[in-house]
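Undergrad: There's a structure below that I have some questions on.
Just so it is clear, none of the values below were taken in a lab; they were calculated from the coordinates. Computed from a predicted structure; not experimentally measured. Here the Cβ is made from the backbone with ideal geometry for all residues, glycine too, and neighbour counts use every protein chain on show.
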Amino acid sequence: MAVFGRISQTLLRSSLIQTRQLSATAAHGHAEQTARTWKILSFVVALPGVAVCMLNMYLKMQHHAAHHVEPEFVPYSHLRIRSKRFPWGDGNKSLFHNPEVNALPDGYEGRDE
C-alpha cells in the first residue's frame, strides 16, 4: 500500500510540474499577444482620436474668433485695484498680462474708445 501511495504522489507531482510549465508558456504567449493588441489599438484608435479632437477644437476656436465681440469696458471701482506697483515692467501689468483679454485700470491697451 505504501508503494501505491509513493507512486501516486510521484505522478501527481510530475503532472503539477508539467501543468505549471504549460501555463507559464501559455501566459508568456498571451502577454506578447496582449502587448501587440494594445500597440495596434494605440496607433489605430488612440492617435487618430487625439488628432480628430485637436482638429475639432481648432475649428471651434476659429469659429468663435470670427464671431467674438469685445464687451465694453466699464471702470468699476472694485476691480483692477493697484495698491502697490508690480515689481516688473511698468508696474501696471501683471506677470502674465494679455493685452487682448486683460484690462488695465483705465481700459484696454491700444484701443480708442
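Undergrad: If you take the beta carbon distance between TYR108 and ASN56 as r and set R0 to 25 Å, what does 1/(1 + (r/R0)^6) give as a FRET efficiency, to the nearest 0.05?
TA: 0.25
Undergrad: Considering amide H positions built from the backbone, and no H for Pro or chain starts, which residues 5 or more places from ASN92, or on another chain, come under 5 Å of its amide H?
TA: PHE86
Undergrad: Give a residue-ordered list of calculated ³J(HN,Hα) values for the range 92-98 (Karplus: 6.51 cos²θ - 1.76 cosθ + 1.60, θ = phi - 60°; whole Hz; x for Gly, Pro).
TA: These are the phi-based 3J(HN,Hα) values: 9, 9, 5, 5, 10, 6, 10 Hz.
Undergrad: So what J values fall out for the range 44-57 if you push phi through Karplus, 6.51 cos²θ - 1.76 cosθ + 1.60 with θ = phi - 60°, rounded to Hz, Gly and Pro as x?
TA: For the range 44-57, the Karplus-derived couplings read 8, 10, 5, 5, x, x, 5, 5, 5, 5, 5, 5, 4, 5 Hz, x marking Gly and Pro.
Undergrad: Rounded to whole Hz and in sequence order, give me ³J(HN,Hα) for the range 31-38 from the Karplus expression 6.51 cos²θ - 1.76 cosθ + 1.60, θ = phi - 60°, writing x for Gly and Pro.
TA: Listing the rounded values in order: 5, 5, 5, 5, 4, 5, 4, 5 Hz.
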